[in-house]
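The values are calculated or read from the model by the stated rules, or taken from the named source; none is laboratory data. Small disclaimer: the values here were computed from a predicted structure and weren't measured. Cβ placement follows ideal geometry from the backbone for every residue including glycine, while neighbour counts extend to all protein chains displayed. Surface accessibility is based on the protein's heavy atoms, side chains included, excluding ligands, DNA and RNA. Shrake-Rupley method; radii C 1.70, N 1.55, O 1.52, S 1.80 Å.
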Amino acid sequence: MKRFILFLGLTGPALSAEPANPPSKVENPIPEAALPTLKLTPRAVERLGIATAAVTRKAAPRSHLYPGTVRLPLGDASDALAPAPISGPEELRKLAELQAVADGAVASAKAALDAAAQARQRAETLSAARAGSERVLDEAKAAEAQARAALTTATQTRALLGKPALQVTTAAERWIAIALPATDAGRADLTQPAQIRTPGTADAKPQIAKPVARPTTALPGGCVEVLFELTDATLTTGQQVEVEIPDKTKDAAAATVLCVPWSAIVHDATGGAWVYEQKTADSFTRRRVSLIRVTGTDALLAAGPPEGTKVVTTGVAELFGAEFGGFK
């Protein structure tokens, strides 16, 4: 049998790690250290109301961020028998219906007790005047006792439904519920207040919410429900918020990091974070920063301009637009 060995590619071009004609290339790349400086006229600086702040260093204790849902409390935090907080308008409507039925039962029981008390009083009067039998008096007393027991039952049933729905909707108390993964239960410090923010308002001062001392409730997916309370009538039922809970592990107290006001941060189209360094009174240069997280009105940075550098806090978007031709 004859065997043939075929050699391929001996005369073709040599293989290379990169294609001969790449689909794209960068011409005249500019390193970030050589980014252009934006120079404004004194009139433009005054018109934009440019304000600056120095880069500082700040302790950045570790924390955990979770999504939370605004709920309406139906009882005090210390009341273990208080019903679960309302999480939506439909639940509130159903609660109002149940409370209306329960309120009617209480009113009916009160009327029945009043009638039984009057019957017992008449029986006592007749018995004292020897115009009535002892049997009638005993039956009247028994009927009054039954009416009183019925009123107690109706009152306790109504109490289990919590505060009146109208009172709940007009009060400013709110509870924030989060689904805490069971694996985080040992790290999150649930004895300390949490910071509450509304998504999209990171530049606003966070609200402080106190933990609610209630037994945790198991949720599907290996989570437990944790509640925090605060006073804010502007938060609506079912609204989504961000909850920042401090860490309680031994290494939670991290070293200090660079810090700038959140208003100094601007993002480009790819999500990159930047600040504008003030070089002189009317000249500014864009500098990249690496954002860790936002705490209150501060942005904590893993990398950025050195401490003491002045960065723009008012007029940042206008400078960004002027650099790329969006503003004049």
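For the reader, a short list of remarks on this structure follows.
- The residues of region 169-328 present an accessible area of 49 Å² per residue when probed at 1.4 Å with all protein chains retained.
- Projecting label points 7 angstrom from Cα along Cα→Cβ for K141 and L81 puts them 2.9 nm apart.
- Average accessible surface for region 42-89: 54 Å² per residue, computed with a 1.4 Å probe over protein heavy atoms with every protein chain in place.
- Assuming charge only on the beta carbon of Lys and Arg (+1) and of Asp and Glu (-1), the dipole of region 254-307 about its Cα centre is about 120 debye to the nearest 20.
- Overall, region 170-328 carries a charge dipole of about 160 debye about its Cα centre when +1 sits on the Cβ of Lys and Arg and -1 on the Cβ of Asp and Glu, all other atoms neutral.
- Solvent-accessible area, 1.4 Å probe, carbon plus sulfur percent, for region 125-185: 60
- Extension gain for T314 to R148 (0.36 nm times residue separation, less C-alpha to C-alpha distance): 52.8 nm.
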